[in-house]
Amino acid sequence: MTAQDYIRSYYAATANDQTRYPALEGTVKADVCVIGGGFSGVATALTMAERGRSVVLLEAKRIGWGASGRNGGQMIGGISGEATIKKQLGAAGAKLVRDIRYRGHEIIESRIAKYGIACDLQYGWMEVAARPRHMNHMRAYVEDRIKDGDGGGLEIVEADQMPRVLGTSSYYGGYIDRRSGHLHPLNLVRGEANAAAQLGVQIFENSPAIKVHGGAKPWVETERGRVEAGSIVIGGEIFNRFGQPALKGLMLPAGSYIIATEPLTGSDTASVDPQNFAVADSNVVLDYYRMTPDRRMLFGGRCNYTNRDPADIAGTMRPRMIEVFPQLKDARVEFSWGGTIAIVVNRVPAIGRLEPNLYYLQGYSGHGVNATHIAAEIVSDAICGTTEQFDLFDRIKHTRLPLSDIAGNYMLALGMLYYRIRDLL
């Protein structure tokens, strides 16, 4: 593998794995066929292999080529849409949210230790208040977590305490979650893929699925091959592909973009993030950032929701970085990249069954590092006969956008413009 196989990102330039996997040729059989070589698919494949199942994994391009290998690398507790889960499912939903909050972390931590995956895991994550009113919500959230006995590692930071945490005057406080953190996502997903291969998973790259069929005898066709399996798992954002009406209008692609500076030196830059937190602000159209092990600032977030990449990502993102951290005005941007993430309208990850033996997990709305591993375990449990958590997610009522295939992104852009105006008020 060379960095040129992927988009030119900081992650591709610092990938520590050289493994290539062949394209599928001919017909193969397995207990489970997983479509998608991002976190959802790889985590599912590895989970099923650890349980003794034979697995085939199909990836259209390269392992970690999409959002799993390009994201901000923030390992955040919980999943998106928790309030919706509690509202729709009541006490069962509240228990589900609590039970799975850090489950993805536990899976990732155990695999890093078990398989020796080097992916720069560091602890400490912070949500910062972009507006004074946002602190009220954060205080209430932390207080509720403490009352519920789940507040270990949480800490409120008031406005006057912020200088010891971040070298910026842009925020009105925030809260720290020391159980969450950040890592190198491409090295994690490729490390998990190698672990899966060592356990016997047959991984095929450059093998996009063309047709998918569930039922009593599931199968998947690629350009030059076919997989016959007992169960099929669609892992990752397929949007409206494969003609599955149950997924139509459920989620839409949104652009997310990141820049990485040169390695930072000097006293001014040392004050940027002295405790090495991953940070996200409290706006709906948010900024997120963190430092890399070689002291680069990775700064991403607010750009556009029209699914049209900006002509100059660095030129678009750098002014916002300097607005937050003026001391970085002379820092040169060495990498800039982007891609799409799947935004689910109600923000709850989409986990369910399309046909007998045809499962899907996707739509993490920016919380993918943790949530993908949770979802992979839930779907794996269902395939193995334990369906309690799977059934709860399957009960969630999702909102679907009409005409999503024609005007979906324009509707999403209008919606996000509304939230951007709200953020500014």
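Throughout, read-outs are computed from the coordinates displayed, never taken from laboratory work. Here the structure is a predicted model, which means the values were calculated and not measured. Backbone-built Cβ (ideal geometry, glycine too); neighbour counts: all protein chains shown.
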For the stretch 13-53, take the convex hull of the Cα atoms, compute a quarter of its surface area, and give me that in nm², please.
4.1 nm²
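Hey, with R₀ at 60 Å, roughly what FRET efficiency would ASP5 and ASP148 work out to, going by the Cβ-Cβ distance, to 0.05? Working shown, then result.
Details: r = 45 Å, r/R0 = 0.75.
With a Förster radius of 60 Å, E is 0.85.
So how many Å³ per residue does the convex hull of the Cα atoms of the stretch 257-364 work out to?
It comes to 141 Å³ per residue, whole-number rounded.
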I need the calculated FRET efficiency for the pair ARG332 and GLU155, taking r as the beta carbon distance and R₀ as 25 Å, to the nearest 0.05.
0.15
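Full-extension gain between ALA270 and ILE322, please, as 0.36 nm times their residue separation minus the C-alpha to C-alpha distance. Write down the numbers at each step before the final one.
Values: separation 52, 0.36 × 52 = 18.72 nm, distance 1.51 nm.
Using 0.36 nm per residue and subtracting the Cα-Cα distance, I get 17.2 nm.
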Which order do SER54, SER180 fall in if you start with the one that has the fewest other Cβ atoms within 10 Å?
SER54, SER180
Most mobile listed residue (PRO208, PRO185, PRO22) in the chain, GNM with C-alpha springs under 10 Å:
PRO22
Binned at 10 Å from zero, the C-alpha pair distances of the stretch 306-381 give percents of 15, 30, 26, 19, 9, 1
Give the lysines whose C-alpha is closer than 27 Å to that of LYS217, dropping any in the same chain fewer than 8 places away, or say none.
LYS29, LYS61, LYS248
For ALA83 paired with LYS29, estimate the spin-label separation in nm (one decimal), with each label point 7 Å from Cα along the Cα-to-Cβ line.
5.1 nm
Cβ-based exposure ranking for CYS384, CYS119, CYS33, in which fewest neighbours within 10 Å come first:
CYS384, CYS119, CYS33
Two decimals, Cα atoms only, Kirkwood Rh: what is Rg/Rh over the stretch 1-152?
1.03
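For the residues HIS137, HIS184, what sequence is obtained by ranking on other C-beta atoms within 10 Å, fewest first? Before the final figure, lay out each step's value.
Numbers: HIS137 13, HIS184 24.
Result, fewest neighbours first: HIS137, HIS184.
Counting only helical runs of four or more DSSP H residues, what would the 222 nm mean residue ellipticity of the chain come to if each run contributes -39,500 (n - 2.57) and the total is spread over all its residues?
-10000 deg cm²/dmol
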Only Lys, Arg (+1) and Asp, Glu (-1) charged, at Cβ; the stretch 1-145 dipole about Cα centre in debye:
400 debye
On the Cα set of the chain, report Rg and Dmax in Å, please.
20.9, 64
Quick one: length gained pulling ALA13 to ALA311 fully straight, 0.36 nm per residue minus the C-alpha distance?
105.1 nm
